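Trainee: Here's a structure for you.
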């Protein structure tokens, strides 16, 4: 998962907040920086793999810091922010869209945490606010001294178009109330996902990183919403070559769970306690295989060994599209069965990927003559074969009948007589040394094409039996 | 697009009404040259030929069908209706009739439009097709019926599209056709009868007005606009020879498709095999395959989008990337979407070459040339089972960068995992598609999970925590046989043989484990080795008691070791089989029962006593088991006929006779009345 933090640098953020009963005072921006630091400290402990980027905005939006795991670098950069002009939201959304897309393409879930002034209640509901082009949510933290006028006008903190929601710190604003709201966001957003990885009676407690999201899709007739259950049940194995390049929704590291304990001795002991997860990873890697697992009643995933570089390899969960047909060439996943233990070689071949019952047009000889060139190419083909008779007698007649059948279906009657003309012309043009059978066959075919019966779809024109050759009748 | 449009798309049901009147038999006046052969100088070239307007129209309709069914083998249905003196339907909504070959076959028998013979009784008209189309549209498809039966929160909407191909004189005649069609829909909606039909909620009507190429036409194009809440109208006026192009343009909108042109495909010249030239091939696929490209940098997207020549849509040009090695596919997980494709010019030589290349199992990577000249791989074309797909490849970074290695986590430092054994286990549990369809009571997924469970009932993770799995020279085939659902008598013998050979080894005082420096058990005494081996074997056999035959193997171990079955585990297991068989005679796989044994019934007690009495000899012999079973069979077998109800309630008297009170309920009744 990745996070973008957007900090408002408009002049309103310059406002001073006096802390009651003390002489201290902070600008809103100082409070914002404080909140971000709280968030980064939380990530450093609980979610070290999180990538964070920071953008700053006012009337324009700038990328202060692109995605990094170096949280200290971010802290250093946000400590020296300068004020700009007024707040303007649309450029922020655009900049973030571009930033996320150029970095992650659209396959990564991205949280956006925006810290701004109280104007967001109104500003983020304007019609020129477009939704994000990547999977993710916007969390807005408004810093305002008094409860916003707008706050009561909008009965919910939800933003339109599923953009996200607004969560404001408790009043009065103090560094601790700001810290509190950021801690709350961090705890709700960066939850490690615990699950049980199971294969029969073997099991292992694991964490999924990043946490898997529930998935909603509007298909024909129904809206499909799927959530991953806390048990990943292996239902069998496949050779990796059979599942090259499936469509994947997301991918997650599957790490064996460790009980958080600062004591190094217990950690040492954990490292030495056998884990099924590690065994599975080793075997998948050695055998170059993939495990298929069920995520919920209608959702499946693949477990593979994956290496970022040569040294560090890991178990990875590839989440497929929900539904039982996520890998179309394997057919319905519910129709996969475990091979009987003693499967003979011939049986194994037979049960391999089920052939699709009806072939696609490009896989069968269908004739399309919408473009002139398509028809001309087909006619040229039979003329080429005509010249090579008697060797090509079977293919000439096969092709001729194919064209004839298509012409009948399209009611293209003129074509047949025209081809008859062409064949006769071809016959009269034959060079001297041609086999005599060739001329006989050409004349025969031309006569057959001119008969009224030629338009009968049940008829097949067969070669003329001549004294020259006993060619195979079709 | 609104959610309702997304949930109930108009493209689920499309109806074509094609004019088959004598007018459509006229030549389109767009000629096709037939001049192919060298002829003697001065010879007259063969006359060009003309397609009729009917041929042009029906070709275009079939091309529409071809593309739709190539890309969506299910769920996008099309019907074709012809109309002359009457209407005729070429196919229905059932999936067996939703294919081009079926349609071609039926078109052959339909034949060309009739020659014009004035008939005072009945006119030729396209209008007859309207009622048939409306009737087709109210007819439910299988998918619609399934959804309606599910009773979801959202009521199923019947949305559809009708494309009429005809020839009208002017705009008012088009309006006329539209209002006639509108009336037919309203009329049909009145005759809806559940569950096989459903009233039309909305119809998108497309009228394609066509005419011979040589004349001009007064009908003007109209963009889609609403006529009534249930009807939208769109009009296109086009000469007959261009219908094909027009219809494929409409198709892209109707099914939300996009076009990709694969550029720079190197191909050998037909005439001259030694030289090669570069060709382009255009393909259609779902538009979502382009989302990633179009959402990225605007400038980069502009660099690849081009207007398609002679058409009013855009195509994205992606460069063919000559495959270097066989295994240069992107990572398994970097493909985000997958869509079927179909070539636009199916007959062209470049298309055929690309298709053959893909169908032969090779894959093609497509590169996007960016504005600055940089390249990035964006898509992969690949075929599976004779179907070709376009994959979108995620070009971004991965959030999983620099992850902690699994070896650094819990269990990572353990080196003695039984990796090779688990490899064998995986190979024995490969998933394969089956031809049998699953039924309500047969769930392959649960079966598979159950099977995996049995095979892992006793499965130590590391080599140092097991002895029997390290002694395969002795313990195989027993280890692999015992985890099976059923084992034959012969296989029981084989298992027993394994136990005997271990016995023999013990009596010869052989080393079970060859002492070696690396072996952590080297310190263990020979006696201890055997002791823990026998204990482990017992645990293994006890974990795998699925049938009587499985029990026999455990019994054999007890006999060999001179050990009593202290927990009566065999007996309990056998009882469980008996009980579950009696309880559910239809279930053959009694082994799927929970391992929690049911409480002992009274019968067990009886059997127990008898067994003890009858066996004066050694309770640890095979005889013992045999007798237990025999008694079992005799006594416990369910009686061949159901017992009389009276006998079941009877009380045994001292003399051994049974006494039962008859008509008990009558007595009770009278008692009750008396009390009143």
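Trainee: So, in the stretch B:139-168, exactly how many residues are within 11 Å of chain A (Cβ to nearest Cβ), assigned to a loop (DSSP other than H, G, I, E, B) and under 16 Å from residue B:185 (Cβ atoms)?
Mentor: Residues flagged as within 11 Å of chain A (Cβ to nearest Cβ), assigned to a loop (DSSP other than H, G, I, E, B) and under 16 Å from residue B:185 (Cβ atoms) within the stretch B:139-168 amount to 1.
Trainee: If you go through the stretch B:395-406 one residue at a time, do you hit one that is more than 30 Å from residue B:339 (Cα to Cα) and part of a helix (DSSP H, G or I)?
Mentor: Taking every residue of the stretch B:395-406 in turn, at least one turns out to be more than 30 Å from residue B:339 (Cα to Cα) and part of a helix (DSSP H, G or I).
Trainee: Going through the stretch A:282-325 one residue at a time, which ones are within 9 Å of chain B (Cβ to nearest Cβ), under 19 Å from the mean Cα position of the chain (by Cα) and not in a strand (DSSP E or B)?
Mentor: Selection gives A:321 alone.
Trainee: Is it fair to say residue B:239 is within 14 Å of chain A (Cβ to nearest Cβ) and either at pLDDT below 90 or crowded, with 16+ Cβ neighbours inside 10 Å (or both)?
Mentor: yes
Trainee: Looking at the stretch B:424-444, can you tell me whether even one residue there is under 36 Å from the mean Cα position of the chain (by Cα), at the interface with chain A (Cβ under 8 Å from one of its Cβ atoms), over 30 Å from residue A:311 (Cβ atoms) and assigned to a helix (DSSP H, G or I)?
Mentor: Yes, the stretch B:424-444 contains at least one residue that is under 36 Å from the mean Cα position of the chain (by Cα), at the interface with chain A (Cβ under 8 Å from one of its Cβ atoms), over 30 Å from residue A:311 (Cβ atoms) and assigned to a helix (DSSP H, G or I).
Trainee: Among (1) buried (at least 19 other Cβ atoms within 10 Å of the Cβ); (2) at pLDDT 90 or above; (3) not in a strand (DSSP E or B), there is one condition residue B:263 misses while meeting the rest; what is its number?
Mentor: The one condition residue B:263 does not meet is (3).
Trainee: Among the residues of the stretch B:413-423, which ones are in a loop (DSSP other than H, G, I, E, B) and in contact with a strand residue (DSSP E or B) (Cβ under 8 Å, 6 or more places away or on another chain)?
Mentor: Scanning the stretch B:413-423 gives B:414, B:416, B:418.
Trainee: Conditions: (1) more than 7 Å from every other protein chain (Cβ to nearest Cβ); (2) at pLDDT below 90; (3) within 21 Å of residue A:415 (Cα to Cα); (4) assigned to a helix (DSSP H, G or I). Residue B:108 meets all but one. Number of the miss?
Mentor: Of everything listed in (1) more than 7 Å from every other protein chain (Cβ to nearest Cβ); (2) at pLDDT below 90; (3) within 21 Å of residue A:415 (Cα to Cα); (4) assigned to a helix (DSSP H, G or I), residue B:108 misses just condition (1).
Trainee: What's the number of the condition residue B:384 fails, among (1) within 25 Å of the chain's Cα centre (by Cα); (2) at pLDDT below 90; (3) more than 8 Å from chain A (Cβ to nearest Cβ)?
Mentor: The one condition residue B:384 does not meet is (3).
Yes/no matrix, rows are residues, columns are (1) within 26 Å of residue A:218 (Cβ to Cβ); (2) surrounded by fewer than 13 Cβ atoms within 10 Å (Cβ to Cβ):
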site	(1), (2)
B:125	no, no
B:162	yes, no
B:165	no, no
B:175	no, no
B:178	no, no
B:190	no, yes
B:198	yes, no
B:217	no, no
B:231	yes, no
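Trainee: Right, another one. Quick check on this structure: which one of A:39, A:29 is surrounded by 18 or more Cβ atoms within 10 Å (Cβ to Cβ), modelled with pLDDT of 85 or more, farther than 30 Å from residue A:207 by Cβ and in contact with a helix residue (DSSP H, G or I) (Cβ under 8 Å, 6 or more places away or on another chain)?
Mentor: Working: A:39 fails: farther than 30 Å from residue A:207 by Cβ.
Every option except A:29 fails the conditions.
Trainee: Restricting to the stretch A:366-383, what's the tally of residues that are touching a residue at least 12 places away in the same chain (Cβ under 8 Å), closer than 24 Å to residue B:243 by Cβ and surrounded by fewer than 17 Cβ atoms within 10 Å (Cβ to Cβ)?
Mentor: Residues flagged as touching a residue at least 12 places away in the same chain (Cβ under 8 Å), closer than 24 Å to residue B:243 by Cβ and surrounded by fewer than 17 Cβ atoms within 10 Å (Cβ to Cβ) within the stretch A:366-383 amount to 0.
Trainee: Name every residue in the stretch A:314-333 that is surrounded by fewer than 19 Cβ atoms within 10 Å (Cβ to Cβ) and touching a residue at least 12 places away in the same chain (Cβ under 8 Å), in order of residue number.
Mentor: Once the filter is applied, which keeps residues that are surrounded by fewer than 19 Cβ atoms within 10 Å (Cβ to Cβ) and touching a residue at least 12 places away in the same chain (Cβ under 8 Å), the stretch A:314-333 yields A:323, A:324.
Trainee: Of all the residues that make up the stretch B:169-187, how many are in contact with a helix residue (DSSP H, G or I) (Cβ under 8 Å, 6 or more places away or on another chain) and at pLDDT below 90?
Mentor: Within the stretch B:169-187, residues that are in contact with a helix residue (DSSP H, G or I) (Cβ under 8 Å, 6 or more places away or on another chain) and at pLDDT below 90 number 0.
Trainee: Go through the residues of the stretch B:85-92 one by one and say whether even a single one is assigned to a strand (DSSP E or B), crowded, with 20+ Cβ neighbours inside 10 Å and free of Cβ contacts under 8 Å to residues at least 24 places away in the same chain.
Mentor: We begin by selecting, within the stretch B:85-92, every residue assigned to a strand (DSSP E or B); these are B:87-89.
Narrowing further to those that are crowded, with 20+ Cβ neighbours inside 10 Å: B:87.
Narrowing the set further to residues that are free of Cβ contacts under 8 Å to residues at least 24 places away in the same chain leaves none.
The answer is no, given that none of the residues of the stretch B:85-92 is assigned to a strand (DSSP E or B), crowded, with 20+ Cβ neighbours inside 10 Å and free of Cβ contacts under 8 Å to residues at least 24 places away in the same chain.
Trainee: Taking the residues in the stretch A:84-114 that are crowded, with 24+ Cβ neighbours inside 10 Å and under 16 Å from residue A:129 (Cβ atoms) as candidates, determine which candidate is farthest from the other protein chains (Cβ to nearest Cβ).
Mentor: A:114
Trainee: Let me ask something else about it. Give me the residue from the stretch B:104-138 that is closer than 16 Å to residue B:189 by Cα and in contact (Cβ under 8 Å) with a residue 60 or more places away in the chain and, out of that set, farthest from the chain's Cα centre (by Cα).
Mentor: B:130
Trainee: Every residue in the stretch A:229-242 that is more than 7 Å from every other protein chain (Cβ to nearest Cβ) and either surrounded by 22 or more Cβ atoms within 10 Å (Cβ to Cβ) or more than 29 Å from residue B:380 (Cα to Cα) (or both), please.
Mentor: A:229, A:230, A:231, A:232
Trainee: List the residue pairs whose Cβ atoms are under 7 Å apart, where the first residue sits in the stretch A:100-116 and is on the phi > 0 side of the Ramachandran plot, the second is modelled with pLDDT under 85, and the two are 6 or more positions apart or on different chains.
Mentor: A:105/B:292; A:105/B:394; A:105/B:395; A:105/B:396
Trainee: Quick test of your reading of the structure: residue B:294 fulfils all but one of (1) within 11 Å of chain A (Cβ to nearest Cβ); (2) in contact (Cβ under 8 Å) with a residue 40 or more places away in the chain. Name the failing condition by number.
Mentor: Among (1) within 11 Å of chain A (Cβ to nearest Cβ); (2) in contact (Cβ under 8 Å) with a residue 40 or more places away in the chain, residue B:294 violates only (2).
Trainee: Tell me which residues, restricted to the stretch A:384-402, are within 12 Å of chain B (Cβ to nearest Cβ) and either crowded, with 18+ Cβ neighbours inside 10 Å or touching a strand residue (DSSP E or B) at 6+ places or on another chain (Cβ under 6 Å) (or both).
Mentor: Matches in the stretch A:384-402: A:386 only.
Trainee: Checking residue A:83 against (1) outside any loop (DSSP other than H, G, I, E, B); (2) closer than 30 Å to residue A:171 by Cβ; (3) in contact with a helix residue (DSSP H, G or I) (Cβ under 9 Å, 6 or more places away or on another chain), which single condition isn't satisfied?
Mentor: Of (1) outside any loop (DSSP other than H, G, I, E, B); (2) closer than 30 Å to residue A:171 by Cβ; (3) in contact with a helix residue (DSSP H, G or I) (Cβ under 9 Å, 6 or more places away or on another chain), only one is false for residue A:83: (1).
Trainee: Going by the conditions given, is residue A:254 in contact with a strand residue (DSSP E or B) (Cβ under 8 Å, 6 or more places away or on another chain), at the interface with chain B (Cβ under 8 Å from one of its Cβ atoms) and either crowded, with 18+ Cβ neighbours inside 10 Å or under 26 Å from residue A:48 (Cβ atoms) (or both)?
Mentor: Values: in contact with a strand residue (DSSP E or B) (Cβ under 8 Å, 6 or more places away or on another chain): yes; at the interface with chain B (Cβ under 8 Å from one of its Cβ atoms): no; either crowded, with 18+ Cβ neighbours inside 10 Å or under 26 Å from residue A:48 (Cβ atoms) (or both): yes.
No; evaluated as a whole, the condition is false for this residue.
Trainee: Conditions first: (1) outside any loop (DSSP other than H, G, I, E, B); (2) in contact with a helix residue (DSSP H, G or I) (Cβ under 7 Å, 6 or more places away or on another chain); (3) more than 14 Å from every other protein chain (Cβ to nearest Cβ). Residue B:133 passes all but one, so which condition is the exception?
Mentor: It is condition (2) that residue B:133 fails.
Trainee: Next question. In the stretch B:332-347, which residue that is in contact with a strand residue (DSSP E or B) (Cβ under 8 Å, 6 or more places away or on another chain) and modelled with pLDDT under 85 is farthest from the other protein chains (Cβ to nearest Cβ)?
Mentor: B:334
Trainee: Next question. Looking at the stretch B:561-585, which of its residues are modelled with pLDDT of 70 or more, surrounded by 13 or more Cβ atoms within 10 Å (Cβ to Cβ) and not in a helix (DSSP H, G or I)?
Mentor: Within the stretch B:561-585, B:568 is the sole residue that qualifies.
The values are calculated or read from the model by the stated rules, or taken from the named source; none is laboratory data. Nothing here was measured: the structure is a model prediction, and the numbers come from that model. Every residue, glycine as well, gets a Cβ built from its backbone with ideal geometry; the counts of neighbours run over all protein chains shown.
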